[in-house]
Every structure is written in C-alpha cells, then in structure tokens.
Amino acid sequence: MSFNAMKEKYEKRSGWYRTILLLMALCVLGSCNDGNDNGEDPSNVAFDPNKPVVVKDINPKKGGAGQRLVIMGDNFGNNPSLVNVYVSGKKAVVINVKSNAIYCFMPEGAYTGEIEVKITVGDEQEVLAEVAPGLKFDYQKKMLVSTLLGTRRDDGQYDSKDGPFNDCGALGAPNWLEFDPKYKHLIYIAQDAAGGEENEGGGNMRVIDLNNEYLGTALTDGNIHGNRRGRSVNFFDEDHMAVAVDQGDELRAAVYGYTRTKEPPQSYAPGESPNYEMWGNKVTLVKYKQCNTVAFHPVHHDMYFNSYEKGQFFRADHEKIQEIFDGVRPDGLEAKKDCEELFQMDNGWEYNIRMHPTGNYAYIVAINQHYIQRTNYDWERHTFLAPYVVAGEARTANYVNAIGTSARFHTPYQGVFVKNPAYAGQEDEYDFVICDKLNQCLRIITPQGEVSLFAGRGSSSLNNNPWGYIDGDLLQEARFDRPKGLAYDEENGIFYVGDGSNRRIRKIAKEGE
C-alpha cells in the first residue's frame, strides 16, 4: 500500500465515523415518525423466535480493524446483550442493536471477511442468521506498531545483554540501524553513549538476527573507540563496513573501517550464546574530529562524511578507501590534506547524510538545527553540489505538518527512502520516512517536500503527552519515546525503529506479517 493510500485510509476513517454517527442519529429521529398507529417503533422490536434472522447487507463493505460496521437485515431484536457478531470467526464489539440494524466495531485479524450473526435464545441456544449469498467484508490489513525486542525492569531501570528476543534486556542506545548488505536478516545498531538520557549505557555495536530472533554484539566499545560514540554505520561493499565516530582530535579517527572475518551463526541451541563478532582488521579510513556520519555513493562508491566543527561536508575518493582496506595505503586519510571539502554549513552543525537509492541526490538531516537539506549529485564531476532546504527551517524547532520551509521538526534523526508505487514512472519514486526524535514520532517527506505524520503521537484520550510506550494503530494508538534509529526492509515492507528512551526496537508492519 502506498503512503498516500495509507494517509487517505486514515483520513477516510474519521469520515466514516461521522457518517455512521449521522446514520444512527437519523435512525433515532426516524423512529419518532415512522411508527405504526399504536406508536410502536418498528426498528425497536424484540427478537421473534418464530421468524428467521436475516443479514441482507453491510456498510461499509471494506475497511480495517476498528472500523465501525453496520449490519442490515431483519429480526435482530433490540437487546445488544443477546446479539453476537463474528467476522472471520473473530468476535466483534456490538455497540447497539435495532431490529433492522446492528452497530459494531470490526475486530482485528478478520482477514477472510465472513459474517456471522447469532441471537441468544434461552440459556444455551443460539439462532444463526441467514446471510445473503456472497456477502463478505473486504478486510484491509493495517500497518501496526509492535515491539520486536527490549524490555525494562519494574523499577524503570534496565539490563542490557545478549540473548533471544524475549530475554535480551533493553537497548541502551538504539540510535542508528543499518541492514547487512550480504545477510538481509541482520540489522546493526550503533549505540552512541553520549548526548541525552536515551543514550545511557551505549557504546557497543549490537546486531539483530531476525532469522534466529537473537540480539548479539558485533563490536565491543573497545573496538569502536571514539569515546564510545559510534554515530552511524554504512557499507563500502558487502564485506567492508564503516563506522563514524565522534572524537575531538584532527589526527584521530573520524571513520573506522572493518572487514568481514567470518560468517554469521546459522542457528543456536537452547542455552547457547552464539558469537556475532564477525568484523575485524580494523583500520582508520579518515582522520578528523567530531564526525557524525558516513555514507557511500551507491554508484561511484566515494565516501562522504562530516564534521560538527564547522558543518563541513567532505568527500574521499573510493580508490583511496579501497587501498586502505587492501593494505596498500598504510595510514588513514587526513581530511584536510587527502579529502575534498565540498561545502560548510555553520559552526556546530550536527547532521547525517542519507543517499538516495539512485545516487541522484542526498539528504542532509541537520539534527540539532531541525531541518533537512538536499544536495544534488553532479554525475560528470562525481561530486555533490551546494545544498538547499527541502523541509523545515534552520534553528526553528516545532511540530508542524506542511510543505517545505513551512514544516517544522524537533531533532530529526535517521531516515530511510521508501519506494512509493503511486509514483511509478515519475522522476522521483521515493518518499523519505524519518524519525523526529523530540516530536516523538515518524514523519513522511514527499519528493515535493510535503511533510506529514506517519506514526506516533496517538492515544490522545490517555493524556496530552505525545510520548510514551504504546503499540497499535499507527496514528490512533502508537506512541514512541525519542525514536532515533530507523531501518526499512523493502522486500517485506517492514520498518524497524530504535526507540531511544523506551530502550526497545519497535516494528511497523501490516498486521499478521
């Protein structure tokens, strides 16, 4: 389902709520005028066991869990406690009953859509309604937020350890998520151990094994260094990984490189602790201070990184990076001498770089400046050009869904490009979904710069807070607490979210998948 279609679905749902409430009101008003001569309301007649119970139609005929459903027919009675409705064998919540209409909520997981209505007669007998031939509800699976792994103790603190998903403690700092390009069932987690309450206890690089449902450790903090500040992860190729680290010296590493030294565990026995330390031969790829990000161009494979110092955007030639991994070049590149500085933002600009899958452009997500820029790629010169703003405004933190510079973010963090089928054949076929950390949600940015809410900030009836820990419907129920890391499984349409202060990995997928 496209993101536009998802948005329309949620907008239409509120419209259905209003429509059904209006129909109910009309039924009530109509009953005052449509009674027979003795004043009896024909829609408020008790169930007659001598007459058949008939289901003639439903409205609407399609929707998802939580959808209000009206079942129309004859001889339902007027007592909701005696009426049971099932859709695909799942029991629906009945909210009101008239002789000719049942008002209920669509249950979750009613995938096949068969309608059953049963009227209780006596203590244990039920009368099954006759359903019009071919009448079914077209159940549309919803995208839901769930919890993949992570838990906190009853006292609010947490333990962090390797283990199966149901016994791995919590994640101290799930700040950056990246899929392994060779083993698609592995997701690496960079844990930045500084910069806020949600970062307590980080430093190691963890790995999620989706096949074996196990959380392991890929690199210890002793193998990452950088003041235990692994900021982001990216891949030069299938067997070479790069990790951006935040250090304060121009002649210390800004980006480390690692080579795959062994393959991941295929399985493990109960009680066994599989070893996920698959990366070794650490080298310094480039030296500079206060690096926040590393990214590789998807076609030409040059490396791009930044510095918080003056917001510098650097380029390192892929051939030089290859020489370092091959051991031909014995020392890391020095940013000012061996790399090209393409442009600067300003002093103290913390940002990450996200490459478009085609390589046509990259987004620069300014974390501490609350906006997103775009830099287009010059294919002839193999370099990026001066950036311009696509969403938000520098130094202006807020929550506003709008277009371009009218939109507002509050500490945007990791984002992913998501192919949208509705854009097929257009110049750009991708939306950008991004964690908006202090707005406690995920947002969507279209190629035209239109910003909208994708998930989070739900359960408004609970309290006025936008943050929390609640699974469920993307917009109506789900809540996050400082979400930062984000990975996307394009093949299966599944998002994985590093939910910072909740110390968990959340999952966004269609129900039942």
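So which of Glu116, Glu126 ends up being of a type outside the set (Lys, Arg), farther than 30 Å from Cys441 by Cα, open to solvent by 20 Å² or more (accessible area, probe 1.4 Å) and at pLDDT 95 or above? Steps first, answer last, please.
Numbers: Glu126 fails: at pLDDT 95 or above.
It is Glu116.
Looking at the range 129-140, which of its residues are farther than 16 Å from Asn75 by Cα, part of a loop (DSSP other than H, G, I, E, B) and open to solvent by less than 40 Å² (accessible area, probe 1.4 Å)?
At the first step, the residues of the range 129-140 found to be farther than 16 Å from Asn75 by Cα are 133-140.
Next, only the ones that are part of a loop (DSSP other than H, G, I, E, B) stay: 133-135, 137, 140.
Correct list: Leu135, Phe137.
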Legend entry - Which listed residue is β-branched (Val, Ile, Thr) and under 35 Å from the mean Cα position of the chain (by Cα), from Ile119, Ile95, Ile102: Ile95
Inset, instruction - Collect the residues in the range 255-278 that are open to solvent by less than 40 Å² (accessible area, probe 1.4 Å) and farther than 20 Å from Lys161 by Cβ, keeping them in residue-number order. - result: Val255, Tyr256, Gly257, Tyr258, Thr259, Arg260
Legend entry - strands (runs of 3 or more DSSP E) (entirely within the range 279-331) containing at least 1 residues that are of a type in the set (S, T, N, Q) and surrounded by fewer than 20 Cβ atoms within 10 Å (Cβ to Cβ): 279-287
Inset, instruction - Could you please find all residues in the range 396-420 being surrounded by 23 or more Cβ atoms within 10 Å (Cβ to Cβ) and assigned to a loop (DSSP other than H, G, I, E, B)? - result: Ala407
Legend entry - Residue, nearest to Lys142 (Cα to Cα), within the range 71-86, restricted to residues that are among the hydrophobic types (A, V, I, L, M, F, W, C) and in contact (Cβ under 8 Å) with a residue 40 or more places away in the chain: Ile71
Inset, instruction - Pairs only if they're at least six apart or on different chains, beta carbon under 8 angstrom, first in the range 55-70 and at positive phi, second open to solvent by 50 Å² or more (accessible area, probe 1.4 Å) and polar (S, T, N, Q); list them, first residue then second. - result: Gly63/Gln140; Gly66/Gln476
Inset, instruction - Answer yes if at least one residue in the range 501-508 is β-branched (Val, Ile, Thr) and crowded, with 18+ Cβ neighbours inside 10 Å, and no otherwise. - result: yes
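Within the range 169-178, can one find any residue that is under 26 Å from the mean Cα position of the chain (by Cα), within 23 Å of Met278 (Cα to Cα), open to solvent by less than 80 Å² (accessible area, probe 1.4 Å) and without any contact (Cβ under 8 Å) to a residue 60 or more places away in the chain?
Pass one, the range 169-178, residues under 26 Å from the mean Cα position of the chain (by Cα): 169-178.
Pick out the ones that are also within 23 Å of Met278 (Cα to Cα) and you get 169-178.
In the following step, the residues that additionally are open to solvent by less than 80 Å² (accessible area, probe 1.4 Å) were identified as 169-178.
Cutting the leftovers down to without any contact (Cβ under 8 Å) to a residue 60 or more places away in the chain gives us 169.
Within the range 169-178, one or more residues are under 26 Å from the mean Cα position of the chain (by Cα), within 23 Å of Met278 (Cα to Cα), open to solvent by less than 80 Å² (accessible area, probe 1.4 Å) and without any contact (Cβ under 8 Å) to a residue 60 or more places away in the chain.
Any idea which residue in the range 385-395 is farthest from Gln344 (Cα to Cα), counting only those that are among the hydrophobic types (A, V, I, L, M, F, W, C), open to solvent by 20 Å² or more (accessible area, probe 1.4 Å) and not in a loop (DSSP other than H, G, I, E, B)? Spell out the reasoning first.
Step one: of the range 385-395, the residues among the hydrophobic types (A, V, I, L, M, F, W, C) are 385-386, 389-391, 394.
Filter again for open to solvent by 20 Å² or more (accessible area, probe 1.4 Å), leaving 385-386, 389-390, 394.
From what's left, not in a loop (DSSP other than H, G, I, E, B): 389-390.
Values: Val389: 14, Val390: 17 Å.
Only one residue tops the list, namely Val390.
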Inset, instruction - Identify all residues within the range 207-238 that are open to solvent by 50 Å² or more (accessible area, probe 1.4 Å) and among the acidic types (Asp, Glu); write none if there are none. - result: Glu213, Asp221, Asp237, Glu238
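Just to be sure before I move on: is Arg252 open to solvent by 20 Å² or more (accessible area, probe 1.4 Å), more than 23 Å from the chain's Cα centre (by Cα) and closer than 20 Å to Cys339 by Cα in the structure I sent?
When the stated conditions are applied, Arg252 passes them.
On the basis of being under 27 Å from His370 (Cβ atoms) and open to solvent by 30 Å² or more (accessible area, probe 1.4 Å), does Tyr423 make the cut?
Values: under 27 Å from His370 (Cβ atoms): yes; open to solvent by 30 Å² or more (accessible area, probe 1.4 Å): no.
It is false that Tyr423 is under 27 Å from His370 (Cβ atoms) and open to solvent by 30 Å² or more (accessible area, probe 1.4 Å).
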Legend entry - Meets criteria (of a type outside the set (A, V, I, L, M, F, W, C), in contact with a helix residue (DSSP H, G or I) (Cβ under 8 Å, 6 or more places away or on another chain) and closer than 21 Å to Val245 by Cα) for Gly311: no
Inset, instruction - Kindly list the number of the only condition in (1) open to solvent by 10 Å² or more (accessible area, probe 1.4 Å); (2) among the small types (Gly, Ala, Ser); (3) at pLDDT 95 or above that fails for Gly512. - result: (3)
Inset, instruction - Looking only at the range 141-150, decide whether some residue is within 39 Å of the chain's Cα centre (by Cα) and exposed (fewer than 14 other Cβ atoms within 10 Å of the Cβ). - result: yes
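Of all residues in the range 20-44 being assigned to a loop (DSSP other than H, G, I, E, B) and open to solvent by 50 Å² or more (accessible area, probe 1.4 Å), which is modelled with the highest pLDDT? Give the derivation first.
Within the range 20-44, the subset assigned to a loop (DSSP other than H, G, I, E, B) is 34-44.
From the residues that got through so far, the ones that are open to solvent by 50 Å² or more (accessible area, probe 1.4 Å) too are 34, 36-40, 42, 44.
Numbers: Asp34: 43, Asn36: 48, Asp37: 49, Asn38: 53, Gly39: 57, Glu40: 64, Pro42: 80, Asn44: 90.
Residue satisfying both the conditions and the ranking: Asn44.
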Legend entry - Which numbered condition Ser267 fails, given (1) within 31 Å of the chain's Cα centre (by Cα); (2) at pLDDT 95 or above: (2)
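The values are calculated or read from the model by the stated rules, or taken from the named source; none is laboratory data. Only a predicted model underlies this, so the values are computations on that prediction, with no experimental measurement involved. All Cβ positions, glycine included, derive from the backbone under ideal geometry; neighbour counts span all protein chains shown. We work out accessible area using only protein heavy atoms, side chains counted, and drop any ligands, DNA or RNA first. Shrake-Rupley method; radii C 1.70, N 1.55, O 1.52, S 1.80 Å.
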